[in-house]
Amino acid sequence: MKIAPYVEKLSVSKEFKEFSEKYPDAFMVAGFFILDLEEGNNIHQIDYYLPGEKKIAAFTLDKKVNVQILEMMDGRKVPEKLEVPTQVDLDALQGILQDEMKNRGMTEEIKKIIAVLQMNDGKKIWNLNCVLSGMEILKAHIEDDSKSVLKMEKTSLMDLMKHMPKSAIQQVQDTQLVSPEGVEEQVDKLNELEKKIEEEKAKLKKAVVSKKKKISGK
């Protein structure tokens, strides 16, 4: 499924209609999605920029529509407008990643995809961070129009944890394609998701400890 149905769901909601009346000049700047390929605990979020207040309105669409008005890290920077039509389906991200992984000799299974869609120098870019089997993290950038993988790299969870900042949200921030200022704008508005990501981090840490015990026991 593309992001258009989510934008449509948002546009007909009571919450968005009230928002549009209050902020008629607001425009869409990003989509944030967590695709849980194991348990199906997916999250869908659409973000709008408020030019008059230089803030972000983050709409989460799962179960019911919720909105939070959040401060930007750098209010001087105006994010690029994101148009609704996209070439890449959310459901297709896994396949695109797996094909490129196969081409690069990567055999791990994708467990979870954290995806941010936004404009970068006039291009729609998917910024992806994936949890893999084998305790590794895959970072990738996909251009929406061409569906081509611009960048892909794999990092072990152990190496990642050596540099893990206090907030797991910050780790997402450090791995985006856009500039540091732009990433801070996108990630800062995901505070309501931090608990969920912290829980995921704790689960992964527990798995690492278990794996270490198995190795040391041999």
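Readers should treat all values here as calculations from the given coordinates under stated rules, not as data from a laboratory. Here the structure is a predicted model, which is why all the values come from computation and not from measurement. Reconstructed Cβ throughout: ideal geometry from the backbone, glycine too, with neighbour counts over all protein chains shown.
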Query raised in the report: What are the residues in region 110-136 that are under 15 Å from Gly95 (Cα atoms) and within 8 Å of the chain's Cα centre (by Cα), if any?
Result: Ile113, Ile114, Ala115, Leu128, Asn129
Query - Subset of region 42-61 (residues that are among the small types (Gly, Ala, Ser) and outside any strand (DSSP E or B)) - result: Gly52
Query raised in the report: Which residues, counting only those in region 89-106, are among the aliphatic types (A, V, I, L, M) and either closer than 12 Å to Ala140 by Cβ or assigned to a strand (DSSP E or B) (or both)?
Result: Leu93, Ile96, Leu97, Met101, Met106
Query raised in the report: Out of all the residues in region 1-18, which are of a type outside the set (A, V, I, L, M) and either in a loop (DSSP other than H, G, I, E, B) or touching a strand residue (DSSP E or B) at 6+ places or on another chain (Cβ under 6 Å) (or both)?
Result: Lys2, Tyr6, Ser13, Glu15
**Report entry** Within region 1-55, considering residues that are in contact with a helix residue (DSSP H, G or I) (Cβ under 9 Å, 6 or more places away or on another chain) and β-branched (Val, Ile, Thr), the one surrounded by the most Cβ atoms within 10 Å (Cβ to Cβ)
**Finding:** Ile46
